[in-house]
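Here's the structure, in structure tokens; my notes come after.
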Amino acid sequence: MREGQVWALLGENGVGKSTLMATLAGMRGPERGEILLDGRPINRHSPRERAHWLGWLAQRDDDYFPATVLEKVLVGRHPFLNRMAWESTEDEAIARDALNAVGLSGFETRDITTLSGGERRRVGIAALLAQKTPLLLLDEPLAQLDIRHQLEALRLFADLAKRGHGIMMITHDPNHAARFATHALLLFGEGRSLAGPVDDVLTATNVSELYQCPVKEILSGAERLFFPMEEELAIVSNKAWRMR
Amino acid sequence: MKTAISHTGLVMRVQRVTFNRTVSVLAMLILLALIIATLSVCFGSSNIPLSQLFNDSDDTRVVHDVLLNLRLPRTAAAFAVGGLLGLAGALMQVLLRNPLAEPYILGTSGGASVGAMLTMLLSGPGAWVSLGAGAGSLSAIAIVFTLARGDGSWTQARLLLTGVAVAAFCSAITSLLLSLAPDGILRGMVFWLLGDLSSADWRQASVVLFIAVCGLIPFARDLNVFALGPQQAYGLGVNVPLVRAVIYVMIAITASVAVTTAGMIGFVGLLVPHSLRLILGNDQRLLLPATALGGGTLLMFADLLSRTLIAPQQLPVGVITAVFGAPFFLILLNRRAR
């Protein structure tokens with residue numbers, strides 16, 4: 001994964017997308033092969049150094065304690081602060097900019113436990129933005145967001161990539177991948193995968209096979225759209241069940 | 001939707017914790033602690049007016065004796081034990097990521113009471129009791145930790161349940177030992193279990209409290225990040241297994257020393273961090289020293305009550321904290337539920 005690339009990681013539920021992302025982040029050891037960050041094995045970097053390079057947005061937003069939104073975003077500055085140092089005005093400015101980028105300006109003093117699921121996701125994204133890492137791993141960043149906020153988030157990620165960041169995101173919508181990603185990684189399960197530029201990898205055939213659901217591709221101007229074909233799904237599902 | 005802030009009506013929670021705010025809040029808490037400490041020294045089964053503290057005549061020499069050899073050490077012990085309990089409670093709430101956790105969950109109190117009861121039965125009340133309590137406490141913690149080994153977010157549940165099981169077992173053994181005790185020792189054993197500051201050694205507890213607070217302050221922001229959850233803490237560059245081990249060891253030491261010094265005093269370890277968090281927020285850079293000060297102040301006050309409520313007789317301080325602590329806790333819970 002290089003700077004400037006937006007990778008879409010697609011696959012069925014349970015195929016191992018989050019597990020793969022946790023392995024790429026270095027939290028789990030790979031069973032074979034190794035993960036290299038900046039040319040060195042990822043576990044050779046100190047945790048702090050790794051946090052300067054690689055940011056990881058978890059799939060769920062668990063808030064065990066009440067906190068203000070600004071406090072939650074400021075944690076993104078943790079890898080840059082010395083042990084006894086306090087957050088500076090510059091750190092606070094970075095946090096406020098991050099909140100602005102996700103459309104949550106004015107939410108600074110709100111209690112995080114009172115926000116909706118989508119708002120909490122956006123706070124999580126803001127915290128990651130505050131970390132200002134060159135590489136970002138995003139586990140379902142669009143979960144619970146309405147269509148406007150989904151598009152705003154995707155535009156934000158595409159913009160980050162243009163400015164030189166490298167992004168990998170887990171998404172369930174092949175249309176998002178087609179519109180905003182530069183590369184795609186498809187996990188078919190049972191060890192099979194396909195990786196490459198999005199235009200090569202994301203085809204109707206591959207997407208149909210990926211989700212075990214017949215999908216039609218429609219061209220609308222320069223854009224490609226994938227539609228699930230309901231009538232054919234019943235026939236395919238029966239066949240698939242009988243083959244198992 | 002109402003915010004938690006509007007419940008408490010206290011504006012402090014809305015603000016971010018900065019260095020200046022930390023210093024001013026801690027200064028207020030230190031002042032409060034000094035006031036309560038002075039009251040604790042002046043009042044008791046006989047009341048000593050402030051003016052007599054500084055005179056030097058024949059009558060006041062007796063008074064000074066009471067002060068220096070009885071009241072001051074006892075007040076210092078109350079502060080140190082309360083501080084340790086508050087600190088242990090705050091750390092436990094971070095470790096288990098649960099604002100309702102308290103330091104006795106991991107088997108500390110169960111092990112300590114078994115150790116203390118056994119020592120009392122075998123050699124009578126005395127210095128060995130503290131050692132027995134300490135040994136029992138640390139053994140119980142080691143057992144719980146070994147049994148609950150693992151990694152991942154659901155270790156918290158396993159830790160909790162193992163602690164509950166070990167505590168239940170220790171409770172059964174304690175009851176057995178109480179039933180076997182001869183009448184002469186029985187009263188002493190029961191008083192130990194209820195929490196008693198009359199023979200507490202303030203020196204050990206104070207030193208441990210001081211070292212614990214100094215040792216934890218540099219880790220305070222790591223604790224903030226740890227409390228967010230293992231994945232997020234990992235992503236932000238925190239060495240999660242190391243921090244978890246440090247927290248565990250600190251809880252073991254602070255809770256064990258508190259229990260061996262003054263027996264089982266309940267509710268301080270739960271109430272103080274929980275209530276202070278509602279007022280001050282969860283930033284450990286402020287909350288940790290604040291709970292140490294708050295716990296110490298609360299226990300000094302409870303000890304004062306235990307000596308004055310039915311003076312000249314003294315109540316065990318653990319009774320005061322439970323009798324007033326439980327209803328207060330229920331009130332807090334009720335306010336949160338709204």
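Remark: pairs (first residue in region B:226-238, more than 7 Å from chain A (Cβ to nearest Cβ) and surrounded by fewer than 23 Cβ atoms within 10 Å (Cβ to Cβ); second residue assigned to a helix (DSSP H, G or I) and of a type in the set (A, V, I, L, M); Cβ separation under 9 Å; 6+ apart in sequence or on different chains) = B:Pro230/B:Val240.
Among the residues making up region A:83-109, a single one is over 25 Å from the mean Cα position of the chain (by Cα), within 16 Å of B:Gly281 (Cβ to Cβ) and among the acidic types (Asp, Glu): A:Glu87. Of all the numbered requirements in (1) within 14 Å of chain A (Cβ to nearest Cβ); (2) in contact with a helix residue (DSSP H, G or I) (Cβ under 7 Å, 6 or more places away or on another chain); (3) of a type in the set (A, V, I, L, M); (4) surrounded by fewer than 24 Cβ atoms within 10 Å (Cβ to Cβ), B:Leu242 misses one, and that requirement is (2). The conditions of being within 20 Å of B:Gly115 (Cβ to Cβ), in contact (Cβ under 8 Å) with a residue 12 or more places away in the chain and either surrounded by 20 or more Cβ atoms within 10 Å (Cβ to Cβ) or over 15 Å from the mean Cα position of the chain (by Cα) (or both) are met by B:Val259. Number of residues in region A:25-56 that are among the small types (Gly, Ala, Ser) and in a strand (DSSP E or B): the value is 1. Taking region B:297-338 as the range and being surrounded by fewer than 15 Cβ atoms within 10 Å (Cβ to Cβ) and assigned to a loop (DSSP other than H, G, I, E, B) as the test, the residues that pass are B:Leu309, B:Ile310, B:Ala311, B:Pro312, B:Gln313, B:Arg338.
Yes or no, residue by residue, for (1) more than 20 Å from B:Ala88 (Cβ to Cβ); (2) at pLDDT 95 or above; (3) crowded, with 19+ Cβ neighbours inside 10 Å:
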| position | (1), (2), (3) |
| --- | --- |
| B:Ile141 | no, no, yes |
| B:Thr155 | no, no, no |
| B:Leu159 | no, no, yes |
| B:Val166 | no, no, yes |
| B:Val190 | yes, no, no |
| B:Ile217 | no, no, no |
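Just to be sure before I move on: is B:Leu223 crowded, with 23+ Cβ neighbours inside 10 Å and within 13 Å of chain A (Cβ to nearest Cβ) in the structure I sent? Judged against the criteria, B:Leu223 is a match.
Residues in region B:81-94 that are within 11 Å of chain A (Cβ to nearest Cβ) and of a type in the set (A, V, I, L, M): B:Val94 alone.
Residues satisfying the criterion are present in region A:169-177 (criterion: closer than 19 Å to A:Glu3 by Cα and either of a type outside the set (A, V, I, L, M) or in contact with a Lys or Arg (Cβ under 9 Å, 6 or more places away or on another chain) (or both)). Selection of region B:218-237 for residues being under 24 Å from the mean Cα position of the chain (by Cα) and either farther than 17 Å from A:Asp61 by Cβ or in a helix (DSSP H, G or I) (or both) yields B:Pro218, B:Phe219, B:Ala220, B:Arg221, B:Asp222, B:Leu223, B:Asn224, B:Val225, B:Phe226. Provide a single number: the residues in region A:80-106 that are in contact (Cβ under 8 Å) with a residue 12 or more places away in the chain and within 11 Å of another protein chain (Cβ to nearest Cβ). Count: 5.
Taking region A:1-34 as the range and being among the aliphatic types (A, V, I, L, M) and more than 14 Å from chain B (Cβ to nearest Cβ) as the test, the residues that pass are A:Met1, A:Val6, A:Ala8, A:Leu9, A:Leu10, A:Val15, A:Leu20. Listed by position, the helices (runs of 4 or more DSSP H) enclosed by region B:56-149 that each have at least 2 residues that are among the small types (Gly, Ala, Ser), closer than 16 Å to B:Gly263 by Cβ and in contact (Cβ under 8 Å) with a residue 60 or more places away in the chain are B:72-95, B:108-123, B:127-147. Pairing residues of region B:268-286 that are within 13 Å of chain A (Cβ to nearest Cβ) with residues that are of a type in the set (Ser, Thr, Tyr) and not in a loop (DSSP other than H, G, I, E, B), at Cβ distances under 7 Å and at least 6 apart in sequence or on separate chains, gives B:Pro273/B:Thr291; B:Leu276/B:Thr291; B:Leu278/B:Thr8; B:Ile279/B:Thr8; B:Arg285/B:Thr22; B:Leu286/B:Thr22.
The criterion of at least 2 residues that are within 21 Å of A:Arg96 (Cβ to Cβ) and within 16 Å of the chain's Cα centre (by Cα) is met by none of the strands (runs of 3 or more DSSP E) falling completely within region A:110-216.
Entry remark, region A:57-78: residues being assigned to a loop (DSSP other than H, G, I, E, B) and either at the interface with chain B (Cβ under 7 Å from one of its Cβ atoms) or more than 18 Å from the chain's Cα centre (by Cα) (or both) number 7 in total.
The values are calculated or read from the model by the stated rules, or taken from the named source; none is laboratory data. Since we're looking at a predicted model, the values are computed, not measured. Ideal geometry is used to build each Cβ from the backbone, glycine not excepted, and the neighbour counts take in all protein chains shown.
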